[in-house]
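The values are calculated or read from the model by the stated rules, or taken from the named source; none is laboratory data. All values reported here derive from a predicted model rather than from experimental measurement. Using ideal geometry, Cβ is built from the backbone for each residue, glycine included, and neighbour counts are taken over all protein chains shown.
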Amino acid sequence: MNLFTNKNILIVGATGKVAEAVIRLFRKDSSVKLKLFSGSIPNGIMNISGMQYHKVDYFNYNDFYQICNGFKPDVIINLAAMTNVDACEDELVLAWQLNVNLPQHLAELSSTFGAKFIHISTDYIFDGQDGPYGENDICNPISQYGKTKLLGELEVLKHKNTAILRTNVVYGYSEQGKSDFVTWVIGKGKNNESFNIVDDQYSNPTFTDDIARTINRVIEKDFTGILNVGGYDYCSRIEFTNTICDVFGLDKNLIKPISTQSLNQKAQRPLKGGLKIDKLIHQLNINPLSIREGLEVLKGYMNEYNKTNI
């Protein structure tokens with residue numbers, strides 16, 4: 001029996017880049033019914049590419065209950081979070097509400113309605129002293145963002161039918177023009193502007209399509225627990241940027257290497273971060289794309305949809 005057939009899937013945070021990749025994939029299966037919610041829809045309801053998106057108040061838990069009671073979800077996917085690392089230092093209450101309280105409540109709702117709960121986390125729950133990190137390595141966040149995401153994980157894990165997918169340096173195509181590190185580099189390169197890139201941060205950048213494929217597989221296999229979802233290549237931010245320039249034909253001489261410390265950011269960043277993906281490959285049978293492969297797919301999306309930017 002295919003566990004994925006005829007699923008009602010509710011997506012919270014449905015207007016982000018990861019959500020767009022998930023929706024693109026799920027729409028290929030006509031037996032899947034999607035209900036899409038976001039806190040950032042101006043007029044309550046909007047339509048994108050034939051899909052209807054609904055606005056929801058992330059802090060009105062009664063609304064979520066009524067939604068679930070009407071839709072009867074088999075799966076709830078939480079893609080909502082406060083991800084601005086520096087802003088989390090200044091707006092800790094909001095960070096706590098979005099990164100701890102919201103997943104806690106959604107996990108409780110999933111249990112109430114017998115639904116599977118899938119939640120996205122980050123390598124920022126580690127201190128970046130000795131990455132890449134495995135699923136069972138000791139967590140030691142060094143920013144409020146990392147701390148709230150870890151606390152969110154702990155709340156979610158109190159419930160049985162849950163899966164936490166940890167990611168890092170996420171990039172991908174956005175029909176809505178959502179930005180990320182790759183789009184920023186492309187923008188600088190196309191404008192022939194020099195730009196600073198830290199040369200002491202390491203990760204394995206993650207393509208949104210790989211996250212979508214993994215969520216699909218988690219549902220198919222009824223996976224529970226913690227799973228790292230990262231790209232195939234572990235590299236420095238400079239190496240990542242060089243590959244972006246290669247694929248998109250940008251001048252690498254525009255890149256100016258600097259140290260993370262010189263940025264004087266409010267929140268500390270893990271330097272040697274990133275995630276080990278052995279479990280993803282061997283247990284979930286997902287082979288993530290290399291950085292160059294992911295960027296080539298991204299470039300293909302841009303050409304297909306006639307986008308001059310992402």
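Out of all the residues in region 190-223, which are of a type in the set (A, V, I, L, M, F, W, C) and under 22 Å from residue 250 (Cα atoms)? Break it down stepwise before answering.
Initial filter on region 190-223 (of a type in the set (A, V, I, L, M, F, W, C)): 195, 197-198, 207, 211-212, 215, 218-219, 223.
Of everything in region 190-223, those that are of a type in the set (A, V, I, L, M, F, W, C) and under 22 Å from residue 250 (Cα atoms) turn out to be 195, 197, 198, 207.
Within region 282-296, which residues are within 20 Å of the chain's Cα centre (by Cα) and either assigned to a loop (DSSP other than H, G, I, E, B) or at pLDDT below 95 (or both)? Show your work before the answer.
Let us first name the residues in region 282-296 that are within 20 Å of the chain's Cα centre (by Cα), namely 284-296.
284, 285, 286, 287, 288, 289, 290 - these are the residues of region 282-296 that are within 20 Å of the chain's Cα centre (by Cα) and either assigned to a loop (DSSP other than H, G, I, E, B) or at pLDDT below 95 (or both).
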Problem set entry | Single unsatisfied condition, residue 82 versus (1) in a strand (DSSP E or B); (2) within 18 Å of the chain's Cα centre (by Cα); (3) farther than 24 Å from residue 284 by Cα | (1)
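Could you pull out the residue among 256, 279, 299 that is over 30 Å from residue 139 (Cβ atoms), in a helix (DSSP H, G or I) and charged (D, E, K, R)?
Numbers: 256 fails: in a helix (DSSP H, G or I); 279 fails: over 30 Å from residue 139 (Cβ atoms).
Answer to the selection: 299.
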For this session: Considering each of 251, 210, 246 in turn, give the residue that is within 22 Å of residue 133 (Cα to Cα) and of a type in the set (Asp, Glu).
Result: 210
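From 299, 256, 276, 272, grab the single residue that is exposed (fewer than 13 other Cβ atoms within 10 Å of the Cβ) and touching a residue at least 24 places away in the same chain (Cβ under 8 Å). I'd like the intermediate steps shown before the answer.
Values: 299 fails: exposed (fewer than 13 other Cβ atoms within 10 Å of the Cβ); 276 fails: exposed (fewer than 13 other Cβ atoms within 10 Å of the Cβ); 272 fails: exposed (fewer than 13 other Cβ atoms within 10 Å of the Cβ).
256 is the lone residue from the list that is exposed (fewer than 13 other Cβ atoms within 10 Å of the Cβ) and touching a residue at least 24 places away in the same chain (Cβ under 8 Å).
Checking the structure you have, find out if any residue of region 34-47 is among the charged types (D, E, K, R), touching a Lys or Arg at 6+ places or on another chain (Cβ under 7 Å) and within 19 Å of residue 215 (Cβ to Cβ).
To start, the set of residues in region 34-47 that are among the charged types (D, E, K, R) comprises 35.
In the following step, the residues that additionally are touching a Lys or Arg at 6+ places or on another chain (Cβ under 7 Å) were identified as none.
The answer is no; no qualifying residue exists.
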Problem set entry | Among residues of region 1-14, those that are at pLDDT 95 or above and over 17 Å from residue 217 (Cβ atoms), counted | 5
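Can you name the residue in region 71-99 that is over 15 Å from residue 16 (Cβ atoms) and either at pLDDT below 95 or touching a strand residue (DSSP E or B) at 6+ places or on another chain (Cβ under 9 Å) (or both) and is also surrounded by the most Cβ atoms within 10 Å (Cβ to Cβ) among such residues?
Kept after step one, since they are over 15 Å from residue 16 (Cβ atoms), are these residues of region 71-99: 71-76, 85-97.
Then drop every residue that is not either at pLDDT below 95 or touching a strand residue (DSSP E or B) at 6+ places or on another chain (Cβ under 9 Å) (or both), which leaves 71-76.
On the way: 71: 17, 72: 12, 73: 23, 74: 20, 75: 22, 76: 26.
Per the stated criteria, the residue is 76.
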Exercise. Residue check, residue 51 against (1) surrounded by 20 or more Cβ atoms within 10 Å (Cβ to Cβ); (2) more than 21 Å from residue 170 (Cα to Cα); (3) aliphatic (A, V, I, L, M), all met but one. Which one?
Worked result: (1)
